[in-house]
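Working notes for the structure below.
The values are calculated or read from the model by the stated rules, or taken from the named source; none is laboratory data. In this text, all values refer to a predicted model and were calculated from it rather than measured experimentally. Using ideal geometry, Cβ is built from the backbone for each residue, glycine included, and neighbour counts are taken over all protein chains shown.
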Amino acid sequence: MAGAMQALIYAFTRVLAFLLGGLLLGLLLGQITVGLLIALSCGLGWQLVNLYGLDGWLRARNRRAPPDLSGLWGEVVTNVVRLHRRKRYHKQRLLDVFRELRHSTAAMPDGVVVLNDNYEILWFNRMATRLLNLRRKVDVGLRITNLVRDPRFTRYLAAGDFHAPLEVAHATRDGVSLSFQLVPYGRQQRLMLVRDVSRQVALESMRKDFVANASHELRSPLTVITGYLETLVLDPQMDPALLGPLDEMRRQSDRMNQIVRDLLELSRLDAATNEAEFNPVDVPGLLRALCGDMALRPNTATVQLQLQSDADLLGTETELHSVLANLLDNAAKYTPAEGSVTVSWSVDAEGDAQLCVADTGPGIAAEHLPRLTERFYRVDAGRARSAGGTGLGLAIVKHALEHHGGRLLIESQEGVGSRFICHFPASRVLPDSLEGSIDTTTPAVAAGT
């Protein structure tokens, strides 16, 4: 501020000097007006010379030294030099940061692809080039779906739910299995992380094959053991002291048979690569039958069925029956006899269907909710064994729902109860056969009646 004030005073002094010189010249010539015009013309010429010098330096400031000007012109040159240095400093700093970013992304073991809101490629690192066979001068600007041609990847982008990664087995021509995950950032841009998961997929395939083969091999001997145990229990000459141990052996063999059946069902769902069939399934009818069977069990909670819609689903009846049966069986096992289980079936305004099974059981702690659909995972292992559970029911529910394009949502609060909500897309829902919504709420059925 002080320099600018001094420059202004200097310029004002110079103008006064020009005017005083013009006044003296006018007195000598006897024409003051002419003298002042000559002085002002000289001052204007001087300013034009300075302006020309400043313009020439600005056009070639990288090759010429700044002009040595005084007054306001010198202050302008000083400010321009200062701004130029600051700009060059920030530019160099930005280049250094960008260079470090390029080095870091090049060293990453995962592929990184930057996409815009139309899923067009803006940039990718070296690992993405290797994993997806991208070419920098050709593929930039293309939609990623034109290069990754897999229906599962297309559905993943269309769904818009990027919380969990998508694993695509044999995603490339070389048979490499890839994992994709999108992270939205900035102004409608997305960062796509690509990872080679071929080893994990191979190990998972080996595990599934082992479980399937072991289940098949166990099925025959268990059937033989169960048959002999039933024969021994029904033998009238059997020692009464052995009937108790034989009953326990038969109960355990039945439990093992149930585990084998569930494992085989999971293996079948894992092996299914295509979507479920689009056959009409009478979901309200299945719910009525299953709720009726559940209400007839001894020492079972009160069951209430609420049908807000009579819409059917398009799918595989055996898989949907397994979903409904496992959810109801799970609610019956963990709800006390004095509690209640509410089953509801509805279709929302968008055409999506929801099946909700709510119970008044002990509830589940929040830290257990993300793992409930894992195989053999139990919140309370001892209580689950006493109830006869295998730890595979919710895993079957999850896989069967995914096979139908649906998803499972679990809500629970300790001491209050749990809600298991199955969402089915509108493409899987047949409209109501009756006009308007229906209300077929089944009154509460006393357990065991």
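Residue under question is V283, and the condition is that it be surrounded by 14 or more Cβ atoms within 10 Å (Cβ to Cβ), farther than 23 Å from R155 by Cβ and under 32 Å from the mean Cα position of the chain (by Cα); does it hold?
Values: surrounded by 14 or more Cβ atoms within 10 Å (Cβ to Cβ): yes; farther than 23 Å from R155 by Cβ: yes; under 32 Å from the mean Cα position of the chain (by Cα): yes.
Yes.
Being closer than 20 Å to A395 by Cα, outside the structural domain of F376 (by TED's automatic domain parsing) and part of a helix (DSSP H, G or I) is the requirement here; does S220 meet it? In short, no.
Of everything in the stretch 382-434 that's polar (S, T, N, Q) and surrounded by fewer than 16 Cβ atoms within 10 Å (Cβ to Cβ), which residue is modelled with the lowest pLDDT?
S433
Restricting the stretch 350-367 to residues that are touching a helix residue (DSSP H, G or I) at 6+ places or on another chain (Cβ under 9 Å) and outside any loop (DSSP other than H, G, I, E, B) leaves a set whose member that is farthest from G405 (Cα to Cα) is D359. For the stretch 229-242, which residues satisfy the criterion of being surrounded by 12 or more Cβ atoms within 10 Å (Cβ to Cβ) and under 55 Å from the mean Cα position of the chain (by Cα)? Of everything in the stretch 229-242, those that are surrounded by 12 or more Cβ atoms within 10 Å (Cβ to Cβ) and under 55 Å from the mean Cα position of the chain (by Cα) turn out to be L229, E230, V233. Close contacts from the stretch 165-177, counting a first residue that is modelled with pLDDT of 75 or more and a second that is surrounded by fewer than 16 Cβ atoms within 10 Å (Cβ to Cβ) and assigned to a loop (DSSP other than H, G, I, E, B), with Cβ to Cβ under 8 Å and a gap of 6+ residues or different chains, come to V176/H170; S177/H170. Has the stretch 208-225 got any residue that is under 29 Å from R407 (Cα atoms), touching a strand residue (DSSP E or B) at 6+ places or on another chain (Cβ under 8 Å) and not aromatic (F, W, Y)? Within the stretch 208-225, none of the residues are under 29 Å from R407 (Cα atoms), touching a strand residue (DSSP E or B) at 6+ places or on another chain (Cβ under 8 Å) and not aromatic (F, W, Y).
Restricting the search to strands (runs of 3 or more DSSP E) fully inside the stretch 268-328 and requiring at least 1 residues that are on the phi > 0 side of the Ramachandran plot and free of Cβ contacts under 8 Å to residues at least 24 places away in the same chain gives an empty result.
So that you can scan it fast, the table gives a plain yes or no per residue for (1) surrounded by 15 or more Cβ atoms within 10 Å (Cβ to Cβ); (2) closer than 20 Å to V357 by Cβ; (3) of a type in the set (D, E, K, R):
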| residue | (1), (2), (3) |
| --- | --- |
| D262 | yes, yes, yes |
| S267 | yes, no, no |
| A271 | no, no, no |
| L287 | yes, yes, no |
| R297 | no, yes, yes |
| Q308 | yes, yes, no |
| L314 | yes, no, no |
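When we screen V201, V233 for residues that are in a helix (DSSP H, G or I), in contact with a Ser or Thr (Cβ under 6 Å, 6 or more places away or on another chain) and modelled with pLDDT under 85, the only hit is V201. Here the stretch 206-225 is the region considered, the condition is being among the basic types (K, R) and within 35 Å of the chain's Cα centre (by Cα), and the residue that is surrounded by the fewest Cβ atoms within 10 Å (Cβ to Cβ) is R207. For the stretch 57-74, filtering for residues that are outside any loop (DSSP other than H, G, I, E, B) and either modelled with pLDDT under 75 or among the charged types (D, E, K, R) (or both) leaves 5. Of the helices (runs of 4 or more DSSP H) lying entirely inside the stretch 75-185, those containing at least 2 residues that are surrounded by 17 or more Cβ atoms within 10 Å (Cβ to Cβ) are 126-132, 151-159.
Among the numbered conditions (1) part of a helix (DSSP H, G or I); (2) surrounded by 17 or more Cβ atoms within 10 Å (Cβ to Cβ), the only one that E248 does not meet is (2).
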